Each structure stands twice: as structure tokens, then as C-alpha cells.
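Notes for the one structure printed next.
The values are calculated or read from the model by the stated rules, or taken from the named source; none is laboratory data. Remember, predicted model here, so these are calculated numbers, not experimental data. No Cβ is skipped: glycine too gets one built from the backbone with ideal geometry, and neighbour counts run over all protein chains shown. What goes into the accessible areas is simple: the full protein's heavy atoms, side chains included, and nothing from ligands, DNA or RNA. Shrake-Rupley method; radii C 1.70, N 1.55, O 1.52, S 1.80 Å.
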Amino acid sequence: MVVKKKSISSASPWSTEKGKYSKTNEIHYSFLKPQLRHALLLCFLLSVWFVILRCFLLSSSTSEKNIEKINVDEKAKTTSKSSAISKCEGGMSVYLYDMPAEFNKGLLKDCSHLNAYTDMCPHVANRGLGQPLSSMVESAVATTWFATHQFIAEMIFHARMENHPCRVLDPINAKLFYVPFYGGLDASSKFHDANLTARDELAVRLADYLRSKPWWERHHGKDHFLVLGRTAWDFLRRSNDFGNSLLNLPHVQNMSVLTVERNPWDLVHNQHGIPYPSYFHPYTSHQMMTWQSKMRQSSRPHLFSFIGGPRRGVEKAAVRDELIRQCSESGRCKLLKCGKGPSKCHSPIEVLKVMSQSQFCLQAPGDSFTRRSTFDSVLAGCIPVFFSPHTVYTQYEWFFPAGDAREYSVYIDENALKTENGSERVVSIEEELFKIEREKVERMRSAVINLIPRLTYAHPNATDLGFQDAVDVALEALWAKRLKLNV
């Protein structure tokens, strides 16, 4: 040690006294005894201090590396806790009602009769994700891709909430209350039932069930919410029309209702649009970023594309027919026409293939204002082109950026596609899209791809996503709404 070398160097004061006091050890030590004792003690303490310091620094460095390794290894085990900290800040906590099975999972026992047009048994499998798409893409993890039905969001939301870090098991600790009612599946199973009382039966029982709960009475349902996988129009029956009267019930109007399409003229202001589920349900942020990167690098030879078929009704037919005609006549458009029977437009793989090779995707209103195809196009990094403000702009304020919609979409008023007194069409879609500068197209596509996480429903088994999915975004907005209402 340096200290030791200094203590015996020629410059040491003890060395200069060596000649005087070396004849007799007794005289030497008796003369130096006080100084030597203190000096040796000081040297010893300094030496021990340096040795300890050196060992501590080495052990600390090793410990930090070991701790880092342990943290990496243990990260998966602590994801629920870390998610709860990051996503449940500010006291947000959600209680999930443990309801009688007749309101949700009990309906699945008769899955073949849940829809008047489709056998829903394959679609309610895997907690609502549907059948796996193992051949989606070569590099993808098979269990992240599913042939998910467009009207199944209520099941997926329920499955996500069962494993969500913001969930609390004691209602006394909850700030929000989630009512897991499969209202869409109930409604679609009775669309053709002539007995209107039978159509409304389960909805009425739901209202009675909630009214009997003490947590409902606390704020009269203002802190409660439910999720519906179908459009609001299916629950707003007037007279003897289509659907049931769920959203007309006073108790339900007290709640927040999340639905894939809201009534834009909702006077109660309790309806909120949530995304239609698409086919991608990742577990991790790595899987999400890998897909986003793939879409950024995707070659897009088609200027625009349209996936859809003709519709009944004067207004719907006029717009759809015009889109199909313009696309089929353009050398820059890819048309995937839908019809009855087998069709490529019913294949998730074919749909995403066309969209991922297109710069713009035409999104005409479907049977109602909205369509699942909008969310498929975002997933594929394809810039959506809208023809009605109610397809997205008045629907999904929680999910799409506020401000200038031209940053992520193109809007062409559907009236501009109609002919005037039999004259030529007013607007050419191809010309409108082709004149957008390449740099702006790149910025718009980047904005669309950045939207993918918040419009995606993560896999129900996911714990620490590393991003906010559609469920997280909805919960955050509900929490903000509750704080604003001060209930």
C-alpha cells in the first residue's frame, strides 16, 4: 500500500532518528514509543480502510451486475405490480361485478344460436378472440393473431379486465365499477323474435340486478360502465323496430356505455365509441413494435384500395356503388369485392395483405356509419379515407387524436361523389389522393402506424404490455370522466 511505503521511506522522521537510537533497543523504543504507537495505529487504520474500500467497490460493481441480471430475470414475475403503478396512478381502481352467469358466460352455452346469421361457436372461443391464425405471417407468433369477430368486443374487454392490474377485489376500494354484460350477444340472439318482451327480458333483469346492489346506490350508477360489442342502434328500439331497449332504460342511462358505434346525436351523453376488434392481440410491446416496423417497411404499390360490397338503400347504395366503380376503373386501385358466399374479403389474411400493400384505404359507411375495416386499415398502416364524419370523427374521441384529422386521414364528403342531374361525377378519388405530396403521405402513414397500439385489444393473458391498448385507453378516459363528474 502507498501508506506503508511512505512510513518506511528515507524522508520519514523516524528514519532520521535511527542512528541516534539504534545502539540499544530499549533506548530506541522508549524514546519513540509515543510517536510510534500513534503512527503505527494510524497506518494500520488507513491500510484497513483502503483494503475495505477496494473490496467494497469491487463487490458493489459485481452486485450491481448481479442485481441487473436478477432484475431482468425477474421482470416477468413483477409485471403485474409494475403495470399497476404505471397504469393505475391517481387512485384509479376498477371492481368487476361477479354477476350471475345468465348475463355473460352462461349465454355461451348456446353459442350456435347467439346470432341469427352466423354460428358464433368458433368466434367465442379463446375468450372471444376466435380461432388462431397460425399462417398469418411467417415471423409472427401464432397466438397473437386470431380470426376475431367484429361484434365481440364485450367478451374481449371482460377477459382483459379479469387480469387487469387496476382491478380490485373489494368493492369498497373501487372508484369504477365494470358490469360485464354480454348485451350484444343477447340482442343478436333475439333479433327476429316477434315477442318484444322476450327481447328486453335480460336487459330489464340487468337493471333490476344493479339497482339491488349497495354500490349502485352510492352514486346511482354514475361510476358504473358496461361494454357492448354491437352498435348503439341495436339497443335503441323505437316502437316495433329492430333490436331491444337496453339503452332506453333509465338505470342504464345513468351508466357510461362503451359501444363500437355510438349515436352521434345522443342526448344523454353516456355513450362512448370504442374500437372494433381487429385480428392482432399481442402480449408484449416487442410484438407490437415488430409489427409496426413491418408496416413501416411494407411496399405499397397500390395508391388506394377498397374492400367491400354493395349495400341496400338509396344513400348507402349510391356511395358504395360509386366507390366500387371508381376503384374498378382505376389502374391504381385494388378492389376486393365482397358478396354472398365464399369471398377473399372474409379472410383476415387476404384483407390485411391488400391493405398493407395500399397507401390509402377507402372507408365507406357500412350497414351503419362505422365499420371494422377502419381498424383493419390502421393495423395495416393504410391511411383511411372517410366519406362521412360519423365513421370516425364523431365516434372515437378517446382513441383518435384531437385536432386536425388530416394528420392521419383523408375526408371526401360523400355528396361530392354524387352526380348532378346525370352529369359526370364531381370528384375523382384517384386524382384527390394522387395530388397529396409524398412527404405528407409519409407523415400521415407514420401517424396511422403510431395509432395501432391504442386501437388494439391486447391478449387477455398479457400482463406488462409496455404500451396502452384499447382497454387501458378506455379506463383512463372513464377515470377522467369520473373525476370531472366529482362522484
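Here are a few things to note about the model shown:
- Selection from the stretch 251-283 of residues that are free of Cβ contacts under 8 Å to residues at least 60 places away in the same chain and either open to solvent by less than 10 Å² (accessible area, probe 1.4 Å) or under 16 Å from THR394 (Cβ atoms) (or both): VAL252, VAL257, THR259, ASN263, TRP265, ASP266, LEU267, VAL268, HIS269, ASN270, GLN271
- Cβ-Cβ contacts under 7 Å between residues 6 or more apart (or on different chains), taken from a first residue in the stretch 204-220 that is over 23 Å from ALA187 (Cα atoms) to a second residue that is polar (S, T, N, Q), are listed as HIS220/ASN254.
- In the stretch 328-351, residue nearest to PHE369 (Cα to Cα) [restricted to those that are in contact (Cβ under 8 Å) with a residue 40 or more places away in the chain and of a type outside the set (Val, Ile, Thr)]: PRO348
- Meets criteria (open to solvent by 50 Å² or more (accessible area, probe 1.4 Å), under 21 Å from ALA116 (Cα atoms) and either assigned to a helix (DSSP H, G or I) or in contact with a helix residue (DSSP H, G or I) (Cβ under 6 Å, 6 or more places away or on another chain) (or both)) for THR143: no
Each row is one residue, and each column tells you yes or no for (1) open to solvent by 20 Å² or more (accessible area, probe 1.4 Å); (2) aliphatic (A, V, I, L, M).
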{"position": "LEU352", "(1), (2)": "no, yes"}
{"position": "PHE360", "(1), (2)": "no, no"}
{"position": "ALA364", "(1), (2)": "no, yes"}
{"position": "ASP376", "(1), (2)": "no, no"}
{"position": "HIS390", "(1), (2)": "yes, no"}
{"position": "ALA402", "(1), (2)": "yes, yes"}
{"position": "SER409", "(1), (2)": "no, no"}
{"position": "GLU414", "(1), (2)": "yes, no"}
{"position": "LEU433", "(1), (2)": "no, yes"}
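- Of all residues assigned to the stretch 392-400, at least one qualifies as being open to solvent by 20 Å² or more (accessible area, probe 1.4 Å), among the aromatic types (Phe, Trp, Tyr), touching a residue at least 60 places away in the same chain (Cβ under 8 Å) and farther than 17 Å from GLY308 by Cβ.
- Which numbered condition GLY183 fails, given (1) farther than 28 Å from LEU129 by Cα; (2) open to solvent by less than 40 Å² (accessible area, probe 1.4 Å): (1)
- Residue count for the stretch 202-245 under the criterion of being among the polar types (S, T, N, Q) and under 23 Å from ILE156 (Cβ atoms): the result is 2.
Residues checked against (1) more than 27 Å from LEU451 (Cα to Cα); (2) aliphatic (A, V, I, L, M):
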residue: ALA317; (1), (2): yes, yes
residue: ASP321; (1), (2): yes, no
residue: LYS340; (1), (2): yes, no
residue: SER343; (1), (2): yes, no
residue: VAL378; (1), (2): no, yes
residue: PRO389; (1), (2): no, no
residue: ASP413; (1), (2): no, no
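- Annotation: of all residues in the stretch 327-343 being surrounded by fewer than 17 Cβ atoms within 10 Å (Cβ to Cβ) and hydroxyl-bearing (Ser, Thr, Tyr), the one that is nearest to ARG300 (Cα to Cα) is SER328.
- Flag for SER293 being at pLDDT 95 or above, surrounded by 20 or more Cβ atoms within 10 Å (Cβ to Cβ) and among the small types (Gly, Ala, Ser): no
- Residues of the stretch 361-395 that are of a type in the set (Phe, Trp, Tyr) and under 24 Å from GLU442 (Cβ atoms): PHE375, PHE386, PHE387, TYR393.
- Number of the exception - THR144 against (1) modelled with pLDDT of 95 or more; (2) in contact with a His (Cβ under 9 Å, 6 or more places away or on another chain); (3) farther than 16 Å from TYR276 by Cβ: (1)
- Residue match in the stretch 435-451 (condition: buried (at least 22 other Cβ atoms within 10 Å of the Cβ), in a strand (DSSP E or B) and hydrophobic (A, V, I, L, M, F, W, C)): no
- Failed item, numbered, when TYR396 is tested on (1) in contact with a Phe, Trp or Tyr (Cβ under 7 Å, 6 or more places away or on another chain); (2) under 15 Å from SER278 (Cβ atoms): (1)
- The set of residues in the stretch 147-188 being polar (S, T, N, Q), modelled with pLDDT of 95 or more and not in a helix (DSSP H, G or I) consists of THR148, GLN150.
- Whichever residue in the stretch 296-322 is out of contact with any strand residue (DSSP E or B) (no Cβ under 8 Å at 6 or more places or on another chain) and in a loop (DSSP other than H, G, I, E, B) and, among such residues, is most open to solvent (accessible area, probe 1.4 Å): ARG312
- Of the residues making up the stretch 191-198, not a single one is crowded, with 22+ Cβ neighbours inside 10 Å and in contact with a Phe, Trp or Tyr (Cβ under 9 Å, 6 or more places away or on another chain).
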